[in-house]
Amino acid sequence: MSDGDGLQAEGMWRYAELLPVRNPDSVVSLGEGGTPLLPATGPRLSSLAVGGVHMKAEHRNPTGSFKDRIAAVATALIRQDGLAGAVGTSSGNGGAAIAAYGARAGFPVILFTTSGIVDGKLEQILAHGGRTHVVEHMGTGGSTGGVAPTIAALAAETGWLPFLTGDIYMPEAMRGAETIAFELSEQVPGLDAIYVPVGGGGLLGSIYRGYRRLGGRIPRIIGVQPAGCPTFRRAAAGHLDPLPDPVTTTISGLQVAVLFDHGGLAAIEAGHGRVVEVTDEQAWEAQRLLAREEGVFVEPAGATALAGLLSDADDGRIDADDQVAVILSGAGHKDPVSARRVAGTNHPVGVTADSVGDVFARIRTELA
């Protein structure tokens, strides 16, 4: 293992006293946390009848997702407790995060990924040296619910950390994602509502627990999930078992057939949360809007929270003076197929060197 980086006075480690890391020397940092909160300035979001829309740029974390916050704490726990390494499931972002931190800290990472993992995320995991195995049908019909408990049991028996990003499996490491709430409470103290994408539920649960840990006012926390994977709605109705039917959403990262974290349910029960379901097409359109009007490039899962906000705005479920945040959870470069969808008919055009002036003049005429 490396010598470690120690607790940093920047990024998420500014909140070290609220995290479960006893030994400062166990921390290995890649610069996680401290992500900016970007005000929405494009025509569509500026025209919403709300007090303000703020975008929490979690895609700006070191490996491109909020999972870096969790992986950083998991890494510190592995080093602190003398564990052998990390073993877990992943649809991509979590695997890339723990593989990167494992590479920096010098411990092995074994991953079991969904068969639908996008190439960009798989390549990122492999580049960092993660030992990767693709599990067929892991995101359908409840098989995720079977794989995760198996891994948790094996990890406990063999002295590995179970990198399963939900409070029911990895409560201490999940505390890393609570730092999003700590940052938001400083960035917008009067925040009224937060829109959060839901896959396994860990992000939503962590944000709720983070606000609760701070002890002050808790904003409304709205979980946004693809209609093709309605685990959150089912859980709110009392059904915590894996989905009985196949997951039909194509949104990478949100194809999780069972909730790994029940914090979102606690938020609902306490009157601080609710659920919004959106179609894949709504998430794609939100991704396109962010790219074309806000200059922000996220993957479809990273745009799903915004799709929920837009749906609520259309349904009149937001107050005119609300200050609203949306969590942009993952970077767009991870999913090249969705990037091509966003580009649409905007293709590169081949030209000769001596035609550059004519091409520039023609486009200027078109834009006039």
Out of curiosity, is R69 in contact (Cβ under 8 Å) with a residue 40 or more places away in the chain, in a helix (DSSP H, G or I), open to solvent by 40 Å² or more (accessible area, probe 1.4 Å) and not acidic (D, E)? no
For V337, the lone unmet condition from (1) under 18 Å from the mean Cα position of the chain (by Cα); (2) over 19 Å from V196 (Cα atoms) is (1)
Considering V28, V53, which residue is in a strand (DSSP E or B) and crowded, with 19+ Cβ neighbours inside 10 Å? V53
Quick test for you: out of G253, G264, G215, pick the one residue that is open to solvent by 50 Å² or more (accessible area, probe 1.4 Å) and either over 19 Å from I70 (Cβ atoms) or under 18 Å from the mean Cα position of the chain (by Cα) (or both). G215
Taking the condition of being in a loop (DSSP other than H, G, I, E, B) and under 17 Å from R220 (Cβ atoms), how many residues in region 257-307 meet it? 3
Please enumerate the residues belonging to region 280-309 that are surrounded by fewer than 24 Cβ atoms within 10 Å (Cβ to Cβ) and closer than 20 Å to S47 by Cβ. Q282, E285, R288, L289, A291, R292, E293, E294, G295, V296
Restricting attention to region 315-330, does a residue exist that is over 14 Å from G253 (Cα atoms), surrounded by fewer than 19 Cβ atoms within 10 Å (Cβ to Cβ) and within 18 Å of the chain's Cα centre (by Cα)? no
Mind checking which pairs have a first residue in region 183-201 that is closer than 19 Å to E32 by Cβ and hydroxyl-bearing (S, T, Y) and a second that is open to solvent by 10 Å² or more (accessible area, probe 1.4 Å) and part of a loop (DSSP other than H, G, I, E, B), Cβ under 9 Å, 6 or more apart or different chains? S185/G216; S185/R217
Residues that are more than 25 Å from R209 (Cα to Cα) and not hydrophobic (A, V, I, L, M, F, W, C): list the strands (runs of 3 or more DSSP E) wholly contained in region 89-180 that include at least 3 such residues. 131-135
If you check A76 against the conditions, is it touching a strand residue (DSSP E or B) at 6+ places or on another chain (Cβ under 9 Å), touching a residue at least 24 places away in the same chain (Cβ under 8 Å) and open to solvent by less than 10 Å² (accessible area, probe 1.4 Å)? no
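So in region 97-124, with the set limited to residues that are closer than 22 Å to T250 by Cα and in contact (Cβ under 8 Å) with a residue 60 or more places away in the chain, which one is most open to solvent (accessible area, probe 1.4 Å)?
Going through the qualifying residues, I end up with D119.
The values are calculated or read from the model by the stated rules, or taken from the named source; none is laboratory data. Just so it is clear, the structure is predicted and the values come from calculations on it, not from any experiment. With ideal geometry, Cβ positions are generated from the backbone for all residues, glycine too; neighbour counts draw on all protein chains shown. Side chains are part of the model used for accessible areas, which takes the heavy atoms of the whole protein and leaves out ligands, DNA and RNA. Shrake-Rupley method; radii C 1.70, N 1.55, O 1.52, S 1.80 Å.
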